[in-house]
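Okay, structure first, notes after.
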Amino acid sequence: MASCLENIQIPSCVWFESGEKRNALASMLAGTFFFLGWWFIIDAHAKYPLEMSNAYHVCGIFGTMSLLMVNSVTNAQIRGDAYNGGCLGPRGARGWLFIGLVMGFAAVIAACWILFADFVAADVQHHWPGVGLFLQNVFIFLGSLTYKFGRSEDHWA
């Protein structure tokens with residue numbers, strides 16, 4: 001007995017094709033996320049400079065360092081295919097990736113903590129500085145994940 005859905009043709013999506021378009025789209029999307037993240041915090045700090053402590057920017061700095069750490073190792077290095085040298089080999093690359101991902105996630109959690117502790121629970125007039133800080137770290141983390149896992153490594157564009 002044949003299925004009704006056997007003859008349906010689904011067009012291929014540009015995003016899931018491996019090739020240069022996928023790499024370009026993932027790179028542009030990741031760059032846009034990173035730009036928007038820093039744009040939110042710059043806007044929040046420019047609009048409400050008295051409510052923004054300079055210590056709040058540490059979350060964004062750690063998020064940016066996380067983005068650099070996560071994207072400095074390739075998937076081939078993590079698998080152990082293209083790793084030539086070094087004292088730790090693929091285990092070191094995996095550890096570096098793990099520490100980078102933990103740093104990025106910790107930056108998001110710290111920004112969430114600051115948002116709720118200093119802007120939502122406290123009786124403040126403006127909530128945008130906390131929301132901007134949280135959005136900054138969420139967008140930087142999304143940019144990091146998009147750039148790392150959205151590209152195909154077969155075609156470097």
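The values are calculated or read from the model by the stated rules, or taken from the named source; none is laboratory data. Given the structure is predicted, the values throughout are model-derived calculations rather than measurements. Using ideal geometry, Cβ is built from the backbone for each residue, glycine included, and neighbour counts are taken over all protein chains shown.
Are any residues in the range 65-84 touching a Phe, Trp or Tyr at 6+ places or on another chain (Cβ under 8 Å), loosely packed, with under 15 Cβ neighbours inside 10 Å and not hydrophobic (A, V, I, L, M, F, W, C), and if so, which ones?
Correct list: 72 only.
Results for (1) at pLDDT 85 or above; (2) β-branched (Val, Ile, Thr), shown as yes or no for each residue.
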site	(1), (2)
89	no, no
92	yes, no
102	yes, yes
109	yes, yes
130	yes, no
134	yes, no
139	yes, no
142	yes, no
151	no, no
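Within the range 119-146, how many residues are buried (at least 21 other Cβ atoms within 10 Å of the Cβ), closer than 13 Å to residue 67 by Cβ and aliphatic (A, V, I, L, M)?
Matching residues across the range 119-146 total 1.
Given the conditions (1) farther than 18 Å from residue 37 by Cβ; (2) among the hydrophobic types (A, V, I, L, M, F, W, C); (3) in contact (Cβ under 8 Å) with a residue 24 or more places away in the chain; (4) touching a Pro at 6+ places or on another chain (Cβ under 8 Å), report the number of the one that residue 124 does not fulfil.
(4)
From 116, 62, 149, grab the single residue that is exposed (fewer than 15 other Cβ atoms within 10 Å of the Cβ) and over 28 Å from residue 24 (Cβ atoms).
Numbers: 62 fails: exposed (fewer than 15 other Cβ atoms within 10 Å of the Cβ); 149 fails: over 28 Å from residue 24 (Cβ atoms).
It is 116.
Going by the structure shown, is residue 100 over 14 Å from residue 134 (Cα atoms) and surrounded by 18 or more Cβ atoms within 10 Å (Cβ to Cβ)?
yes
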